[in-house]
Amino acid sequence: MAARKPGRAAGGRPVLTTPTTQPASPELILTRLAETPGVDLARGLGMLRNHEGKYIELMRKLCLSNVAQLASIKASLAAGDHAAARQAAHALKGAAGNLGLTAMFETAKALDELLQPECDARGVQDRVTELETAQHWLASVFDE
């Protein structure tokens with residue numbers, strides 16, 4: 001399966017997206033997830049005793065909540081509130097880890113660890129961009 005390229009806004013920044021109204025079949029969603037590096041589908045399903053329907057439902061909810069979490073992170077960073085940004089990154093990290101999104105988990109973990117009062121602003125921005133790209137990919141998994 002060819003990798004999907006995220007949408008880009010002016011300046012090359014990823015556009016945050018949520019699933020469209022034309023959802024892919026559960027089989028296609030699971031296949032896309034299984035074929036993607038950085039996704040441990042077996043772990044995610046195992047957390048839910050292999051209940052595929054519940055897993056897909058939670059992945060959809062995560063996809064929607066990630067948009068809000070990423071917006072919160074960006075707004076908190078713009079306001080200089082690293083504690084609030086860290087709290088949102090930590091929540092995103094936990095949800096991604098529980099569902100087997102290992103790459104997203106690792107990126108959120110790195111962001112969580114970077115968000116100290118005297119943090120590396122470039123490193124923080126890079127991790128936020130990586131999370132936005134991962135979010136765009138996650139939303140595309142659900143599209144037909």
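The values are calculated or read from the model by the stated rules, or taken from the named source; none is laboratory data. What you see is a predicted model; the values in this text were computed from it and never measured. Note that each Cβ is placed from the backbone with ideal geometry, even for glycine, and that neighbours are counted across all protein chains shown. We work out accessible area using only protein heavy atoms, side chains counted, and drop any ligands, DNA or RNA first. Shrake-Rupley method; radii C 1.70, N 1.55, O 1.52, S 1.80 Å.
Say we look at region 87-116 and pick out the residues that are of a type in the set (S, T, N, Q) and in a helix (DSSP H, G or I); which of these is farthest from Cys63 (Cα to Cα)?
Among them, the one singled out is Gln87.
Of the numbered conditions (1) of a type in the set (Asp, Glu); (2) open to solvent by 30 Å² or more (accessible area, probe 1.4 Å); (3) more than 24 Å from Leu28 (Cβ to Cβ), Glu52 satisfies every one except a single condition; which is it?
(3) is the only condition that Glu52 fails.
Please find, within region 55-74, the residue that is most open to solvent (accessible area, probe 1.4 Å) out of those that are out of contact with any helix residue (DSSP H, G or I) (no Cβ under 6 Å at 6 or more places or on another chain) and free of Cβ contacts under 8 Å to residues at least 40 places away in the same chain.
Lys61
Is it true that Val141 is surrounded by 17 or more Cβ atoms within 10 Å (Cβ to Cβ), over 11 Å from the mean Cα position of the chain (by Cα), under 25 Å from Pro23 (Cα atoms) and hydrophobic (A, V, I, L, M, F, W, C)?
For Val141, the condition - surrounded by 17 or more Cβ atoms within 10 Å (Cβ to Cβ), over 11 Å from the mean Cα position of the chain (by Cα), under 25 Å from Pro23 (Cα atoms) and hydrophobic (A, V, I, L, M, F, W, C) - is met.
Could you list all residues from region 84-124 that are open to solvent by 60 Å² or more (accessible area, probe 1.4 Å) and more than 25 Å from Thr36 (Cβ to Cβ)?
Arg86, Gln87, Gln116, Pro117, Glu118, Asp120, Ala121, Arg122
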